[in-house]
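The values are calculated or read from the model by the stated rules, or taken from the named source; none is laboratory data. As the structure is a computational prediction, the values presented were derived from the model and not from experiment. Neighbour counts are summed over all protein chains in view; Cβ atoms, including those assigned to glycine, are modelled from backbone coordinates with ideal geometry.
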Amino acid sequence: MTAQAGDTFLISAAAQKASIRKHLRWLRRLIPRAERSLAARLTARKLLRLRRVQRARSIAVYLSIRDELATAPLIEGLLKADARVFAPCVGHDQKMVFVPLKQQRKFRTDALGMQTPLTRRPRYSARQLDLIVMPLVGFDLHGNRIGMGAGYYDRALQFTRVVKRPWLLGYAYRQQQTEPLAAESWDVKLDAIAMASGLRRSSRSD
């Protein structure tokens, strides 16, 4: 079977995104530990003061691992404010759902290397949430996001192309910002990006 022009474009786009992902992950690993800790505290503090976050009734937050911007300070603050907090998990059907997150809950690492609550009931869909704090490897100021490449968030959030709810918020270090990214048809844009320097809204919020 010979490759068509469209196939060549897709391969080139995928290869380009993989190269950008590799470079940004390398930059993220270079961030000093003290700067990581400070960034996590500052980002959480500024986000918790945001009226839109304070008014949200249901908020999903990823459980950070390795060199991701740590979400523990944010989760702690949300729970202290009596917010309904959820964590993402991927079921046996390979679909992303969200489960309630409470203090002193036990966790495990799933097959994707993602931290997830040990108990996966009850389950909620993204449509039932007001705000989702999403992990990322890179982002641009147009709301385009590079994740780990598995596409679970993109598949779970396809409906947001029509319905601008829940509010989609990237959580990142400033070093993860990149030049404008080429968006693919299945990519879901962010409404804003939270960083230690503050909140940057994207074109999806317009």
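Take the residues in segment 145-176 that are part of a loop (DSSP other than H, G, I, E, B), under 14 Å from P88 (Cβ atoms) and in contact with an Asp or Glu (Cβ under 8 Å, 6 or more places away or on another chain); name whichever of them is modelled with the lowest pLDDT.
G147
Check off (1) over 16 Å from Q177 (Cα atoms); (2) part of a helix (DSSP H, G or I); (3) at pLDDT 90 or above; (4) not polar (S, T, N, Q) for A39 and give me the number that stays unchecked.
Looking at each condition in turn, A39 falls short on (1).
Any residue that is in a loop (DSSP other than H, G, I, E, B), exposed (fewer than 12 other Cβ atoms within 10 Å of the Cβ) and at pLDDT 95 or above - is there at least one of those in segment 85-107?
Looking for residues that are in a loop (DSSP other than H, G, I, E, B), exposed (fewer than 12 other Cβ atoms within 10 Å of the Cβ) and at pLDDT 95 or above, one finds none in segment 85-107, hence no.
I'd like to verify a number: residues in segment 177-196 that are touching a residue at least 60 places away in the same chain (Cβ under 8 Å) and more than 16 Å from V133 (Cα to Cα), how many? Reasoning before the result, please.
Initially, segment 177-196 is screened for residues touching a residue at least 60 places away in the same chain (Cβ under 8 Å), giving 178, 181-182, 184, 194-196.
When the remaining residues are screened for being more than 16 Å from V133 (Cα to Cα), the result is 178, 181-182, 184.
Residues in segment 177-196 being touching a residue at least 60 places away in the same chain (Cβ under 8 Å) and more than 16 Å from V133 (Cα to Cα): 4 in total.
If you scan segment 12-58, which residues turn out to be surrounded by 14 or more Cβ atoms within 10 Å (Cβ to Cβ), within 17 Å of A196 (Cβ to Cβ) and among the hydroxyl-bearing types (S, T, Y)?
Answer for segment 12-58, where residues must be surrounded by 14 or more Cβ atoms within 10 Å (Cβ to Cβ), within 17 Å of A196 (Cβ to Cβ) and among the hydroxyl-bearing types (S, T, Y): just T43.
Can you tell me which residue is nearest to V53 (Cα to Cα) among those in segment 177-204 that are of a type in the set (D, E, K, R) and either part of a loop (DSSP other than H, G, I, E, B) or touching a Gly at 6+ places or on another chain (Cβ under 7 Å) (or both)?
The qualifying residue nearest to V53 (Cα to Cα) is D191.
Residue by residue through segment 171-196, note down the ones that are hydroxyl-bearing (S, T, Y) and over 13 Å from the mean Cα position of the chain (by Cα). Before you say what the answer is, go through the steps one by one.
Residues of segment 171-196 that are hydroxyl-bearing (S, T, Y), as a first pass: 171, 173, 178, 185.
Once the filter is applied, which keeps residues that are hydroxyl-bearing (S, T, Y) and over 13 Å from the mean Cα position of the chain (by Cα), segment 171-196 yields T178, S185.
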